[in-house]
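Okay, structure first, notes after.
The values are calculated or read from the model by the stated rules, or taken from the named source; none is laboratory data. Just so it is clear, the model here is predicted, and its values are computed rather than measured. Cβ placement follows ideal geometry from the backbone for every residue including glycine, while neighbour counts extend to all protein chains displayed.
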Amino acid sequence: MFETVVIVLVVAVVLLTVGLSFVAVRRRGRDAELDAGASVLEQGEPGLDLRRGGTDTLERVDAEPDLLDQPPIEVLEPPVVDEAEPTAPAVIEKPSFFERLGKARSAFTGYLGDLVGLSRVDGEAWEELEEALIRADIGVTTSMSLIEDVQQRAKENKVEDGKHVLGLLKERMHEELADKDRSLRLDDGETNVWLIVGVNGVGKTTTIGKLGKRLTDEGHRPLMAAGDTFRAAAAEQLTTWAERSGSEIVRGSEGGDPSSVIFDGVAAAAARGCDVVLADTAGRLHNKSNLMEELSKVRRVAAKDPGHVTEVLLVLDATTGQNGMSQAKVFTEAVDVTGVVLTKLDGSAKGGIVFAIESELGLPVKLVGLGEGVDDLVDFEPSEFVDALFE
């Protein structure tokens, strides 16, 4: 029994010795192989790239010899696209004059509806037609001028029935609004300044916000200057619009000097690379002389280098009709207004205010509000506007 145990122990010792020898040989062989691989890399053998892995292993990467010296390329996994999500941006449709001018069209056609069936437009019918234009807010002077011209054309063309008379009136109204520059001026390489003026409550701040969105979408960098320092929360409202439209903003202290805010806004725009400043202004009418002096000062300051005043836009509320015309005249006297923004046109039953503005104020309507959405401030299209009134 004792001899058997001795034999087993001897065999175990022999096996252990052999195993340890075998491991030592394998390790010496692996080290030699690694040294050989490093030598190959140093020699730059074409077509062979030996890299030590994270576990001290070797990898072979076959490659074209002429590509070995190229820098490594980072390959990114393609993003996983959820097929349920839309791949194209939503298309924002331009508001239609025909769809948005329902109130104005109904009122206008209501005034003129009785004339359509007349076989002959007599003196009384002409007076009713003129009165209908006045009720549509076209204005007394402009209405009289339009009727006089239409009467002359009807006589020259020997037109007597109501249907053709209305056709001549539509043609004349098209001409009244034609051939006016309605573009918004932006000079390249300049810090353009657009002054926004008008009485309180007409939508100046909202107009600035929508203009900021429009300009940003067109690739411009607008900056909003909160120059209405007297109306409570005006700066906060404009700040909200700036955030929504991706615009910069400069604001001053409540009750501060509006000219200083505009001046700082222009300087900030030039420093930040903004190409247009949208300047809000006060709309107080309790003292007209002070208002005119203040606006005149704001315009002078805005024009100082690097400022470049290219637009002075008068904002009017279409629903106020002729009541807003007298107020508008105050602003046209105070500053050199370049155009009109007519808000809430979709909610007005008297769209004829457009003709009164252009005739009595001598100003082109450049933009109109056809809704409350951020994209509902659109270029005024006179042809579409007149067609929408008659259709």
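Residues that are closer than 23 Å to Thr338 by Cβ and touching a residue at least 60 places away in the same chain (Cβ under 8 Å), at least 1 per element: which strands (runs of 3 or more DSSP E) completely within segment 206-308 meet that?
Fully inside segment 206-308 and qualifying: 276-280.
Where residues in segment 209-268 are in contact with a strand residue (DSSP E or B) (Cβ under 6 Å, 6 or more places away or on another chain) and of a type in the set (Lys, Arg), which of them is modelled with the lowest pLDDT?
Ranking the qualifying residues of segment 209-268, first place goes to Arg251.
From the residues in segment 311-362 that are surrounded by 21 or more Cβ atoms within 10 Å (Cβ to Cβ) and of a type in the set (Ser, Thr, Tyr), which one is farthest from Phe390 (Cα to Cα)?
Thr343
Within segment 176-194, can one find any residue that is of a type in the set (Asp, Glu) and touching a helix residue (DSSP H, G or I) at 6+ places or on another chain (Cβ under 9 Å)?
Yes, segment 176-194 has at least one match.
I'm checking my understanding of the structure. Among residues of segment 103-121 that are closer than 11 Å to Ala132 by Cα and of a type in the set (Gly, Ala, Ser), which one is surrounded by the most Cβ atoms within 10 Å (Cβ to Cβ)?
Ala107
Within segment 331-386, can you find the residues that are within 27 Å of Arg300 (Cβ to Cβ), touching a residue at least 24 places away in the same chain (Cβ under 8 Å) and part of a loop (DSSP other than H, G, I, E, B)?
Val335, Asp336, Val337, Thr338, Leu363, Pro364
Kindly indicate which of Leu184, Leu112, Leu146 is at pLDDT 90 or above, at negative phi and assigned to a helix (DSSP H, G or I).
Unique residue meeting the criteria: Leu146.
Under the condition of being polar (S, T, N, Q) and without any contact (Cβ under 8 Å) to a residue 24 or more places away in the chain, which residue from segment 144-180 is farthest from Val354 (Cα to Cα)? Quick ask: steps written out before the conclusion?
Of all residues in segment 144-180, those polar (S, T, N, Q) come to 145, 151-152, 157.
Still in the running and without any contact (Cβ under 8 Å) to a residue 24 or more places away in the chain: 152, 157.
Values: Gln152: 24, Asn157: 28 Å.
Checking each candidate, the answer is Asn157.
How many residues, within segment 122-143, are farther than 14 Å from Val354 by Cα and surrounded by 20 or more Cβ atoms within 10 Å (Cβ to Cβ)?
So the answer is 2.
Report, by residue number, each residue of segment 149-167 that is out of contact with any helix residue (DSSP H, G or I) (no Cβ under 8 Å at 6 or more places or on another chain) and either within 23 Å of Asp387 (Cβ to Cβ) or part of a helix (DSSP H, G or I) (or both).
If the condition is that a residue be out of contact with any helix residue (DSSP H, G or I) (no Cβ under 8 Å at 6 or more places or on another chain) and either within 23 Å of Asp387 (Cβ to Cβ) or part of a helix (DSSP H, G or I) (or both), then Gln152, Lys155, Glu156, Asp161, Gly167 are the ones that fit.
Would you mind finding the one in Gly307, Gly347, Gly362, Gly352 that is in the same structural domain as Gly273 (by TED's automatic domain parsing) and over 19 Å from the mean Cα position of the chain (by Cα)?
When all the criteria are applied, what remains is Gly307.
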